[in-house]
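K.L.:
Right, I'll just put the structure down here and ask away after.
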Amino acid sequence: MSLVGCAGCDSGGAAPEGEPPARGERFTPLDRLEAVQVAGDLPAGIEGPSSVLAELHYGHGRLIAYVRGDACEIVATPGPDAGAVPIHLVAKRPGGGEGSSSLPTGPYTTATVAAGPRTWASLLCGENAMVIEYASGGEDAPRQVRGPVTRPGARPATSRIIIGDPGARRLIEDGPAARAAVTQIPRG
């Protein structure tokens, strides 16, 4: 058994590495970001043409974030002792006039799912960024990370994963809606 959630089922230049784009510049769309290689096989929930943008390992479980077509998706497989079922969460990118602009580089559509007493995921999907919050069911913070990931200091078992080009990530991390204490986790 696994839990599945879904919400709302032109290219542009990116800023140089380390610099946010100036006003009026465009961000690199998610589907044009460089894919990462995953360790081992992809979970069964990832079918068809997709581009994996982040992978995190939590104890014996892992989370993979990817884009497919007009949607952002995550597949999370908790460890065997987590007491939770696998998660497959989907949020389609917003169309004209849809979505929320609660974070920079939006608008975003939202999808959320709980998979056990302490395991849940929330996904914001936009054209230029994806923001995921994931509680791994009591397992430690991620031990291996590929892709841009931040973690709030107050809840170490909850990871905040921000995916986008460097300028988009910085705007989201530093924006007024960002958490006050965010610790950067190095790429693995």
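The values are calculated or read from the model by the stated rules, or taken from the named source; none is laboratory data. The model shown is predicted, which means the values in this text are computed figures rather than measured ones. Neighbour counts are summed over all protein chains in view; Cβ atoms, including those assigned to glycine, are modelled from backbone coordinates with ideal geometry. Only protein heavy atoms, including side chains, enter the accessible area calculation; ligands, DNA and RNA are left aside. Shrake-Rupley method; radii C 1.70, N 1.55, O 1.52, S 1.80 Å.
K.L.:
Tally time: how many residues in the range 1-60 are open to solvent by 20 Å² or more (accessible area, probe 1.4 Å), at pLDDT 85 or above and acidic (D, E)?
P.N.:
Going through the range 1-60 one residue at a time, the tally reaches 2.
K.L.:
Restricted to the range 128-144, and to residues that are under 16 Å from the mean Cα position of the chain (by Cα) and surrounded by fewer than 21 Cβ atoms within 10 Å (Cβ to Cβ), which residue is nearest to G69 (Cα to Cα)? Give the derivation first.
P.N.:
If we filter the range 128-144 for residues that are under 16 Å from the mean Cα position of the chain (by Cα), which is where we start, we get 128-136, 141-142, 144.
Applying the additional criterion that residues be surrounded by fewer than 21 Cβ atoms within 10 Å (Cβ to Cβ) yields 133, 141, 144.
Values: E133: 22, A141: 30, Q144: 27 Å.
Step by step, filter the range 128-144, then rank; the result is E133.
K.L.:
Okay, moving on. Checking the structure you have, find out if any residue of the range 92-99 is part of a loop (DSSP other than H, G, I, E, B), charged (D, E, K, R) and surrounded by 21 or more Cβ atoms within 10 Å (Cβ to Cβ).
P.N.:
Here is the first cut: in the range 92-99, the ones part of a loop (DSSP other than H, G, I, E, B) are 93-99.
Narrowing further to those that are charged (D, E, K, R): 93, 98.
Now restrict to residues that are surrounded by 21 or more Cβ atoms within 10 Å (Cβ to Cβ): 93.
Within the range 92-99, one or more residues are part of a loop (DSSP other than H, G, I, E, B), charged (D, E, K, R) and surrounded by 21 or more Cβ atoms within 10 Å (Cβ to Cβ).
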